[in-house]
Amino acid sequence: MANCFLFSKSKSWIPDFKYNPNKDEADKVRNTLLVVATLIAAVTFQAGVNPPGGVWQDYTIKNDTICAKNSAEGPHPSCYKSHDAGTAIYASREADFYVFLVFSSVALSTSVLVIMSLTYNFPFHLEVLIATASMLATYASAIFAVTPAHYSYRFRFILIAAALPFVLRALIYTVKYKAYKKVKEQAGLCDKCRSGNSEDNLCRKCGSEIPKNPGSV
């Protein structure tokens, strides 16, 4: 009996924290989303300005000739991979640093989109837009400054990743608008069917349960 009690299924706490439109107030939900979006924006912005591992403090040029001459004597500074002062140390691992830049940019732009959406029509909304746009520009200039020059051909993919949340949201709104427009047109057609001002072949789209005129059953 005790074993059954120990291994009995516990009550899940997930439903208690799920969003419930019947219980949760809209202003509290908006405030919670603003806090979460602001936190994500702050973390990703700081990561872009100050990348993991910091930046190089010196300037080194790789010299293959001297490196080959001194390679028998052990490691030599001329054999080190070249880097510029002020560039990210993390960039020496190209694939990892590229993944970091892409997903950090996606996270920042998504959080900015949430902030802009939740503050729509608020007082000083224009100022919020200017501030968020300036923050994105500052982030872009910071990652361009700490990224080595040979990454330049990849910046277009980072910009595409940053624009992805805005493009995705625009596509969602476009699809929803088309669906809403189709529903409105269908509703207008059904109104014509109910009034008896439409043809039979058009009334079939409304369903057989809708009469063609108010007097029919």
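Quick one: His125, His83, His150, fewest Cβ neighbours within 10 Å first, how do they rank? Before the final figure, lay out the partial values.
Details: His125 12, His83 19, His150 9.
With the fewest neighbours first, His125, His83, His150 line up as His150, His125, His83.
For Thr174, Thr87, the sequence from fewest to most other C-beta atoms within 10 Å is Thr174, Thr87.
Please report Val55, Val43, Val183 as a ranked list, fewest other C-beta atoms within 10 angstrom at the top and most at the bottom.
On the way: Val55 17, Val43 14, Val183 10.
By the 10 Å Cβ count, ascending: Val183, Val43, Val55.
Taking all Cα pairs closer than 8 Å and separated by 6 or more residues, the relative contact order of region 81-148 comes to 57 percent.
Values in this text are rule-based calculations from the coordinates and carry no lab data. These numbers come from a predicted model, not from an experiment. Don't worry about glycine lacking a Cβ; one is built from the backbone with ideal geometry, like all the others, and counts go over all protein chains shown.
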